[in-house]
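Notes to accompany the following structure.
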Amino acid sequence: MNLQDADLRGANLQQAQLHDANLKGVVFAFADLKDAMLLRANLDGAELNFTDLRRANLQGARVTNEQLATAKSLKGAMMPDGTIHE
């Protein structure tokens, strides 16, 4: 799936199946990605400001710690390295 540079600001994407997706440069600001499957997704340059990533699966995703630090919540999310965020 290729959503490169899409504007998904404020979108409700709970439980979305976005594994292996090209999400490079996507604006997710204020989006709801609770329980989303983002395994191995390319999030290079994606804007995650105030995005709810609770319980999202980011295992193997291409995303920086700086991007993740701008999220609203990562509680229970599986991080790119396979650890669970507290």
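Every number here is computed from the coordinates shown, using simple stated rules; none is lab data. Keep in mind that this is a model prediction, so the values were computed, not measured. As a convention, Cβ positions derive from the backbone with ideal geometry for all residues, glycine included, and neighbour counts pool all protein chains shown.
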Could you go through segment 69-75 in sequence order and give the Karplus-derived ³J(HN,Hα) for each residue, using 6.51 cos²θ - 1.76 cosθ + 1.60 with θ = phi - 60°, rounded to whole Hz, and x for Gly and Pro?
-> 5, 8, 5, 5, 8, 10, 4
As a check on your grasp of the helix formula, calculate [θ] at 222 nm for the chain: sum -39500 (n - 2.57) over DSSP H runs of n ≥ 4, divide by the residue count, round to the nearest 500.
-> -500 deg cm²/dmol
Percent of Cα pairs exceeding the 13 Å cut-off, where the set is segment 36-86 = 51
How big is the C-alpha Rg of the chain next to the rule-of-thumb value 2.2 N^0.38 Å, as a ratio?
-> 0.90
Pull up all non-local amide H partners of residue 56: gap of 5 or more, or a different chain, and H-to-H distance under 5 Å with H placed in the peptide plane.
-> 35, 36, 77, 78
Taking 7 Å along the Cα-to-C-beta vector as the label spot, tell me the residue 73-residue 15 distance in nanometres, rounded to one decimal.
-> 1.7
Long-range amide H partners of residue 62 with built H, under 5 Å = 41, 42, 43
Using θ = phi - 60° and Karplus 6.51 cos²θ - 1.76 cosθ + 1.60, couplings along segment 28-37 (whole Hz; Gly, Pro as x) | 9, 3, 6, 7, 10, 10, 4, 6, 6, 9
